[in-house]
1. Report, ordered by the first and then the second residue, all pairs with beta carbons closer than 9 Å, sequence separation of six or more or different chains, a first member in the stretch 37-54 that is without any contact (Cβ under 8 Å) to a residue 60 or more places away in the chain, and a second member that is more than 12 Å from the ligand (Cβ to nearest atom).
2. Any idea which residue in the stretch 17-62 is farthest from the ligand (Cβ to nearest atom), counting only those that are of a type in the set (K, R) and at pLDDT 85 or above?
Amino acid sequence: MKNAPTSSETPARPEVKCPRCGKSQVYSLQNPFRPFCSERCRTFDLAGWAEERYRLGSPALHEEDSLAETEASLDEPEDEQT
Ligand SMILES: [Zn+2]
């Protein structure tokens, strides 16, 4: 008893990778979320685009960096300026 290789018998089905999570899936016209693998990925992707648009020009990502920099400069002695 051995497992027959399915590659030769199974007809090649087109596979696509979900643009959101990269998960391979069989491309099916019955998949209402194509090319995404699921409703979750599709919604997430759309939300991501919208969010990205909102964030354009917003320095939210650098907030942490500037905070750290402020702390670092506070630790530095300012004796050199005297
Ligand atoms: Zn996905």
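The values are calculated or read from the model by the stated rules, or taken from the named source; none is laboratory data. All values derive from a computational prediction rather than experimental measurement. Heads up, the Cβs are rebuilt from the backbone with ideal geometry, glycines too, and the neighbour counts pull from every protein chain shown.
1. Once the first residue is without any contact (Cβ under 8 Å) to a residue 60 or more places away in the chain and sits in the stretch 37-54, its partners that are more than 12 Å from the ligand (Cβ to nearest atom) give E39/P32; R42/P32.
2. R34
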